[in-house]
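Written below as structure tokens is the structure these notes are about.
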Amino acid sequence: MSTIKHLNNKVCKIRIFQHKIHDLIKKDKLRIVPHMAFGYEALSVAVTSNIDKQKDRLCLTHRNISYNLSLTESLQPIVDELNLKKSGINKGITGSMNIINPKKGLYYTSSILGNNLSIAMGIALQNKFKNKGVTFVTTGDGSMEEGSFYEVLLLARSLNLKLLIIIENNNYAMASTIQDRRINFNIKKLAEALDVGYYKIQGNDVFKYFKNISKIKKKIIKKSIPSIVEVKVKMFNNHYGQTPGWPDDDKIIDSKNGLILRKNEEDPVYVSKKYLSKNNFLNLTRDLEKQTR
């Protein structure tokens, strides 16, 4: 199977898995409800596909479900974890906001806003002395308002750490937009002021994301300078809980409507469909229908 097809298949598979989890939420069949991530699929596949599980490290936020689904072949260990079963991926002790998978390079997730940035910097420092790979850490436009974002950038650059900060910019923190709560400061200029790399990617093309992140990773390894990747993400679900969550909720997600949520590049699955044959995509959709009955 070609890399392009493999990556796009994974995007669709994560969408299928998310629908399954979302259906369980709506049926009240999960003890722990995760923060869903419909719309994050292309980014999570591109990032996890660039992780060298022997050398690299990945640190995530509370909204980690799409990344965790990308790292597992089976949905059941994740569902069991959300139901606090010993058969869960972390033996039922982490719930949803702290799921890890060290065998695949995922060493830390955090339910505390901005906390994973400081932890990732510490891991990157440790890896510097062990001569290991790059430390990847995800954050959001809300977490950037925490002091740790600036402090981590400053110290990581001072210590020449191989750290890649991935900003998932969905424009929201809880229920407020960036415009509602603060100035929309220029992240690129901040990166320039601290002499760290800055890159911006958008369009939800998982193969292009994969190639861009691979190039950035190589630059970080070569120069030993931390970098920022800002990614525009459309989040199709509410901040937390099921979607729709109330009678007039406009964020309607239903597995019966298929994999595509929006017929434009804001939806990773819509973009991925263009790379897949009609039969391949239909088979994935049938798989969804079987798993969500």
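Filter the range 59-96 for residues that are closer than 14 Å to residue 21 by Cα and among the acidic types (Asp, Glu); which is surrounded by the fewest Cβ atoms within 10 Å (Cβ to Cβ)? Step by step, filter the range 59-96, then rank; the result is 80. Taking residue 230 and the conditions (1) of a type in the set (Asp, Glu); (2) touching a Phe, Trp or Tyr at 6+ places or on another chain (Cβ under 9 Å); (3) not in a strand (DSSP E or B), which numbered condition does it fall short on, given that it satisfies the others? Unmet condition: (3).
Only one entry in 256, 217, 189, 222 is of a type in the set (Lys, Arg), in a helix (DSSP H, G or I) and open to solvent by less than 40 Å² (accessible area, probe 1.4 Å), namely 217.
Among the residues of the range 21-47, those that are open to solvent by 10 Å² or more (accessible area, probe 1.4 Å) and free of Cβ contacts under 8 Å to residues at least 60 places away in the same chain comprise 24, 27, 28, 29, 30, 31. Of all residues assigned to the range 207-223, at least one qualifies as being farther than 30 Å from residue 129 by Cβ and touching a strand residue (DSSP E or B) at 6+ places or on another chain (Cβ under 7 Å). Within the range 5-20, the set of residues being of a type in the set (A, V, I, L, M, F, W, C) and either without any contact (Cβ under 8 Å) to a residue 40 or more places away in the chain or more than 17 Å from residue 258 (Cβ to Cβ) (or both) comprises 7 only.
The values are calculated or read from the model by the stated rules, or taken from the named source; none is laboratory data. Quick caveat: nothing in here was measured; it's all calculated off a predicted structure. Backbone-built Cβ (ideal geometry, glycine too); neighbour counts: all protein chains shown. The protein model used for the area step is the full one, side chains on, heavy atoms only, and it has no ligands, DNA or RNA in it. Shrake-Rupley method; radii C 1.70, N 1.55, O 1.52, S 1.80 Å.
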